[in-house]
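The next block holds one structure in the form of C-alpha cells; read it before the comments.
The values are calculated or read from the model by the stated rules, or taken from the named source; none is laboratory data. Please read these numbers as outputs of a predicted model, since none were measured by experiment. Here the Cβ is made from the backbone with ideal geometry for all residues, glycine too, and neighbour counts use every protein chain on show.
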Amino acid sequence: MRLFVHSGRSMEGEKLTFSIAVSGKGGTGKTTITALLVKTLIKKVNGPMLVIDADPNSNLNEALGIKINSTIGDLRESFLKKKDNLPPEQSKEDYLNYLIQSSIIETDDYDFIAMGRPEGPGCYCFINNILRKILDTISRNYPLVLIDTEAGLEHFSRRTTRDLDLLLVATDPTISGARTAKRIKELCKELHINIEKTLLIVNRVTPSMKERIDEVIKTSEIDYASMIPEDPLIQQFNVEGKPLFDLPSSSIALKAVGNLVNGLILQLIIT
C-alpha cells in the first residue's frame, strides 16, 4: 500500500501536508526511531518526504547514511556576516532562501535539512523569523514532514517546533523517562502549541522490562502507541558505524516501527 498525500492547503482549507515530530529525553533512542520511520514511511508515501534534523546534537544524517555539507546554523552565521554587503537588488530574505534551498540534500526518496548549532551571542530574532517563514514555505512542497527534535524540552520552550499533526514522545522503560515525556506534553499545552495527537513510544524494551511498561505508560499520562524492543542488530550497526537505514527486514525494532506505521500512523494520515 502506498499513500499519496498532497502538500500545503487547498483554497477551501483542506489539510494537505502531514507533519510528525519525534521528541524525548536524551538517550531514549529518538534519532533511531526517526531513522526507522524514514525507512518505513518512504515505502508508503508517493512523492519525496522532507526530513528535518532539528537536534544540534543529533546524528540523524549518519543514521540515514548521508553526508551534510552545511546546516541551517552554518548558513545563519554566514548570512549574518554578509547581510550588509548584499547587492541592492537582492533582499535579505531572497538571499537566505537561496542559501537554504542550496543546502537541501536530495535523495531518491526524501529530502533532508539539518538545523545544526543553536544561536551564538547577539540577537537572532530577525533572522529566525525569516528562517521559520522560509522553512514553513518549503515544507508545504512535501506530502509528509518528519522532524527529529532536540532532546528534552528546549525546542518547545523556544517555540521552534511549529504546529504538528502528530508528536511521538519516546521514552525508555524507566519512570524518569516517563516523567520527562509527561513534562513535554504539559509544556506543549502551556505554550499553546497546536498538536493534533500526542502518542508515547516505549523504546529499548527487554523481556525483563515488559512488566514495567504499564507503570511507565501510567506515569507519562500519554496515549500509548508502541513498544520497540531492544535490538541487537541496532547495537551491532552502531558499534560498526553502519547506517541504521541499511538495517535488514529481520530487525525486530524495524518490524515494530513498521507495525506502528501500518497499524496507526497511516490511519492518522489518511484521516
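In the set (1) modelled with pLDDT under 85; (2) aromatic (F, W, Y); (3) surrounded by 20 or more Cβ atoms within 10 Å (Cβ to Cβ), F126 fails one condition alone, (3). Across the range 140-159, a minimum of one residue is classified as modelled with pLDDT under 90, under 24 Å from L37 (Cβ atoms), hydroxyl-bearing (S, T, Y) and within 15 Å of the chain's Cα centre (by Cα).
Only one of the listed residues (G65, G26) is touching a residue at least 40 places away in the same chain (Cβ under 8 Å), over 13 Å from the mean Cα position of the chain (by Cα) and over 20 Å from G258 (Cα atoms). That residue is G26. Please determine, by comparing only the residues of the range 226-271 that are of a type in the set (A, V, I, L, M, F, W, C) and not in a helix (DSSP H, G or I), which one is surrounded by the fewest Cβ atoms within 10 Å (Cβ to Cβ). So the residue we want is M227. Of everything listed in (1) within 19 Å of G24 (Cα to Cα); (2) buried (at least 17 other Cβ atoms within 10 Å of the Cβ); (3) under 21 Å from the mean Cα position of the chain (by Cα), the single unmet condition for D223 is (2).
Exactly one residue among K189, K182 is in contact with a Ser or Thr (Cβ under 8 Å, 6 or more places away or on another chain) and of a type in the set (D, E, K, R), and that residue is K182. Scoring H192 on the criteria (1) farther than 25 Å from V257 by Cα; (2) modelled with pLDDT of 75 or more; (3) within 16 Å of the chain's Cα centre (by Cα); (4) in a loop (DSSP other than H, G, I, E, B) leaves a single failure, condition (3).
Collect the residues in the range 22-72 that are among the acidic types (D, E), surrounded by 24 or more Cβ atoms within 10 Å (Cβ to Cβ) and either assigned to a loop (DSSP other than H, G, I, E, B) or at pLDDT 95 or above (or both), keeping them in residue-number order.
Narrowing the range 22-72 to residues among the acidic types (D, E): 53, 55, 62.
Applying the additional criterion that residues be surrounded by 24 or more Cβ atoms within 10 Å (Cβ to Cβ) yields 53, 55.
Result: D55, single match.
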